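Peer 1: Here it is: the structure, laid out below.
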Amino acid sequence: MQSTKALGRRAAVGIIGAVFAAGMFASLPTYAADVTIPVIVKDTTSFYWQIVLAGARQAGKDLGVNVPELGAQSEADINGQISILENAVAGKPAAVVIAPTEFKALGAPIDTAAKSVPIIGIDSAADSKAFTSFLTTDNTQGGRVAADGLADAIKANTGKVAGDVALITALPGVGSLDQRAAGFKEQLAKKYPDLHLVADKVADGQATTGLNITTDLLTANPKLVGIFASNLIMAQGAGQAIAENKVAGKVALIGFDNDDKLVGFLKDGTISALVVQDPYRMGYDGVKTALAASKKEKVEANVDTGANLITKANMGSERNVALLNPKVK
């Protein structure tokens, strides 16, 4: 049987431990223990979306928030993303961050989801006014930047800003891609009347299709001087076609986004320039904004995360090195 003094000593130690633990936990964010904010991207296998998830993951660590990393394995899997969103909301998270795969199809599911939790949109728009906040590149401006970059590259190759050009879009009905195309066409009409858009192609989201489309364009349009491939996958396919047909320096190519393959094409001159977003920031600030919204704090309705034209000449700057070589782990 324990003595009264021994019990007293143990009680005192227990009280001290409890006080110490209470002080320790008081230093942690009060919301950290049980807050979950799923992040739903378009394609978990894509390098671009892996960068977004890396930013979200780091935000989760910094803020003490659980961040499930969700998404389909293809940007074309629209129904898959809708099911993922519905399942995520059913788990009663604090908020949800989502990059909608398709403008029309994701509108109603986002409207429904927003009745239960705050929805933070990133990257691409949807046919919904229910977003608490929306963080994205100004994709229309990104298209304009691409047109300017293409004009500069064509002038460097040919000595003039004139000739036939083409546009390749990865998928139909994707808000961000439609906006890039609109901005590109608008800038051509406004600033470059001697650049003629002779082909406006829409693919199926596969790099091999981008390769085939570009190869066909080069064959059918011998006067072609430039191409804008408006996302990473199409730029991969178009770059491969430019390389295989040995027309680098003759046909300028502007891509959108980046991975190791595209950076390699930029270094060797296959690609004239890349329009690069800041997907890491998009993921990080998406989670940060979602947390604030879940606490009913005021957040900006729209945030522009920027678009940057990177060429072989400026790719060595500190800022551009960080954009081209993001940390994904």
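Bear in mind these aren't lab numbers, they're just calculated from the coordinates by the rules spelled out. If you're wondering where the values come from, they're calculated on a predicted model, not measured in any experiment. All Cβ positions, glycine included, derive from the backbone under ideal geometry; neighbour counts span all protein chains shown.
Peer 1: Using the Cβ atoms and a cut-off under 13 Å, what net charge is assigned to the surroundings of Asp62, where Lys and Arg are +1 and Asp and Glu are -1? Spell out each step's value before the answer.
Peer 2: Details: positive: Arg57, Lys61, Lys288; negative: Asp285.
That sum, taken over residues with Cβ under 13 Å, equals +2.
Peer 1: Here is a follow-up. Would you please put 79-90, 269-280, 34-45, 188-199 in order of how densely packed they are, using the mean number of other Cβ atoms within 10 angstrom per residue and starting with the highest?
Peer 2: The densest-packed peptide leads the list: 269-280, 34-45, 79-90, 188-199.
Peer 1: Can you list the DSSP H helices in the chain whose Cα atoms extend at least 27 Å along the helix axis and whose mean Kyte-Doolittle hydropathy is 1.0 or higher?
Peer 2: 4-26
Peer 1: Looking at the stretch 238-317, which trypsin sites (Lys or Arg not before Pro) are DSSP coil and have at most 15 other C-beta atoms within 10 Å of their C-beta?
Peer 2: Values: sites: Lys246, Lys250, Lys261, Lys267, Arg281, Lys288, Lys295, Lys296, Lys298, Lys312; in loops: Lys246, Lys250, Lys295, Lys296, Lys298, Lys312.
Passing both the DSSP loop test and the Cβ count: Lys246, Lys250, Lys295, Lys296, Lys298, Lys312.
Peer 1: So who's got an amide H within less than 5 Å of the one on Ile227, skipping anything under 5 residues away but keeping other chains? H placed 1.01 Å off N, in plane.
Peer 2: The answer is Ala166, Ala252, Leu253, Ile254.
Peer 1: How would you order 110-122, 136-148 from highest to lowest mean count of nearby Cβ atoms within 10 Å?
Peer 2: Top of the packing list down: 136-148, 110-122.
Peer 1: Give the Cα extents of the stretch 28-152 along the principal axes, in whole Å, largest first.
Peer 2: Computed over the stretch 28-152, the largest-to-smallest principal extents equal 52, 32, 26 Å.
Peer 1: Moving on. For Ser74, Ser124, what's the fewest-to-most ordering of other Cβ within 10 Å of each Cβ?
Peer 2: On the way: Ser74 18, Ser124 24.
Fewest-to-most ranking of Ser74, Ser124: Ser74, Ser124.
Peer 1: Mind running the shape call on the stretch 139-276? Use the C-alpha gyration tensor, a ≥ b ≥ c as the square roots of the eigenvalues: rounded below 1.5 for a/c, prolate if a/b tops b/c, oblate otherwise.
Peer 2: Verdict is rounded for the stretch 139-276.
Peer 1: Tally Lys/Arg at +1 and Asp/Glu at -1 over every other residue whose Cβ is under 13 Å from the Cβ of Lys104; what's the total?
Peer 2: -4
Peer 1: Between Ala199 and Glu318, 0.36 nm times their residue separation minus their Cα-Cα distance comes to what?
Peer 2: Extra length from Ala199 to Glu318 when fully extended: 39.2 nm.
Peer 1: Related question: Only bridges with both residues in the chain count here: give the DSSP antiparallel percent, nearest 5.
Peer 2: Expressed as a percentage, antiparallel bridges in the chain total about 10.
Peer 1: Going by the alpha-carbon gyration tensor, a ≥ b ≥ c the square roots of its eigenvalues, is the stretch 161-241 rounded (a/c under 1.5) or, if a/c is not under 1.5, prolate (a/b greater than b/c) versus oblate?
Peer 2: On the way: a/c = 2.33, a/b = 1.17, b/c = 2.00.
Oblate is the answer for the stretch 161-241, as a/c is 1.5 or above yet b/c matches or exceeds a/b.
Peer 1: Report, by chain and number, residues whose modeled amide H sits under 5 Å from the one on Val202, excluding near sequence neighbours (fewer than 5 apart, same chain).
Peer 2: Residues meeting the criterion, in which the H sits 1.01 Å from N, are Thr169.
Peer 1: Add -39500 (n - 2.57) for each DSSP H run of 4 or more in the chain, then divide by its residues: what number comes out at 222 nm, to the nearest 500 deg cm²/dmol?
Peer 2: Numbers: 11 runs with 156 residues, N = 329.
Value at 222 nm, helices only, nearest 500: -15500 deg cm²/dmol.
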